[in-house]
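To start, the structure under review is shown below, and the notes come after it.
The values are calculated or read from the model by the stated rules, or taken from the named source; none is laboratory data. The shown structure was predicted, so the numbers you read here are calculated from the model rather than taken from an experiment. Cβ placement follows ideal geometry from the backbone for every residue including glycine, while neighbour counts extend to all protein chains displayed.
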Amino acid sequence: MARAPLPGPALSLLSVILLLVGRRGAAGAGGGGGGRGSSVYPAPVVYPHHSRQISWYPRAFLYPHFLTDDEANHLVSLARAELKRSAVADDTSGKSKLSEVRTSSGTFISKGQDPIVAGIEDKIAAWTFLPKENGEDMQVLRYKRGEKYEPHHDFFTDSVNTIRGGHRVATVLLYLTDVAEGGETVFPLAKARKGSHHKDLSECAQKGLAVKPRKGDALLFFNLRPDAETDPSSLHGGCEVIKGEKWSATKWIRVASFDKVYHTPGNCTDNSNSCSQWAALGECTKNPAYMVGTVALPGHCRRSCNVC
Ligand SMILES: O=C(O)CCC(=O)C(=O)O
């Protein structure tokens, strides 16, 4: 049987030299997970020792300087012109609705939309050990003064939102700006209270374990426990911004592929010519009852939402 050739000695020497040069470049960089301090080379390099565990209940980890400034600025500039008022999913129907619980504006950035977005997604996959294909499109959020997201869970309780890829096992929050005051991410039910009593944290943040937004930092937490049950202690919210403006990006990661086409018997057509455009704008996730529907009551854009 034919075997793949092993690299010869000359090739091995070249590989060692390249590896050493690469390591020197990475070590000299100050730019977080990207390793080179610039999004011109968004190499999917992460350094696990840069990430620190901040809580076990929920399982939460903070990675300072995960994004370079260029990467953070890039996400803001992609989203700025596309912002719309953020919505929440109804607990039973799964339908998207506006609510005073969540007053930010946001937009979805398509997966792999450009090399910088793809590079950030590669880094997230490398850090979380969760496949890129399990990730949803990234959602960029802007909170102006007075805007917030009340504590909630990221796992779903309806059956519509889990058709594609199952539960959201983990969430990665990327902070794209510093915030002068407020805007912390707070876990009111966390058992750990480390770092929550700083005087520069808002009153809301002092109600639980809090993470102060710092440009480029990334927060990873798990919505499911290691036994795959939903974790009530993953309850979290975005505190009201008191001074300044907060920009962040959320990457929800499913237990299974979000990209895979799920073949179900029967008709697999889109009912509208606009389906692929709506899907690209994130409507499959924002408005699943209409777009995806259920087996009993199929939605209008099942083909474009990759569920048939
Ligand atoms: O902005 C935050 O700190 C929280 C955002 C959040 O909870 C979410 O996007 O699910």
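Looking at segment 227-259, which of its residues are within 27 Å of Val117 (Cα to Cα) and acidic (Asp, Glu)?
Glu245, Asp259
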- Task: Might you check whether a residue that is on the phi > 0 side of the Ramachandran plot and surrounded by fewer than 21 Cβ atoms within 10 Å (Cβ to Cβ) occurs anywhere in segment 208-216?
- Result: no
- Query: If a residue has to be in a loop (DSSP other than H, G, I, E, B), in contact with a helix residue (DSSP H, G or I) (Cβ under 9 Å, 6 or more places away or on another chain) and within 16 Å of the ligand (Cβ to nearest atom) to count, how many in segment 102-113 make the cut?
  - Reply: 0
- Item | Residue selected from segment 179-190 under the condition of a type in the set (Gly, Ala, Ser) and either assigned to a loop (DSSP other than H, G, I, E, B) or closer than 19 Å to Pro232 by Cβ (or both), by the criterion farthest from the ligand (Cβ to nearest atom) | Ala180
- Quick check, is Ile116 under 30 Å from Gln206 (Cα atoms) and either more than 13 Å from the chain's Cα centre (by Cα) or assigned to a loop (DSSP other than H, G, I, E, B) (or both)? no
- Looking only at residues in segment 130-150 that are more than 20 Å from Phe222 (Cβ to Cβ) and not charged (D, E, K, R), which one is farthest from the ligand (Cβ to nearest atom)? Gly146
- Message: Filter segment 151-178 down to the residues that are near the ligand (Cβ under 10 Å from one of its atoms) and assigned to a loop (DSSP other than H, G, I, E, B) and list them by number.
- Response: His153, Asp154
- So which of Asp122, Asp70, Asp91 is at pLDDT below 95, among the acidic types (Asp, Glu) and more than 25 Å from Ser202 (Cβ to Cβ)? Asp91
- Item | Subset tally (residues that are within 11 Å of the ligand (Cβ to nearest atom) and either over 20 Å from the mean Cα position of the chain (by Cα) or outside the structural domain of Leu67 (by the TED database) (or both)) for segment 205-239 | 1
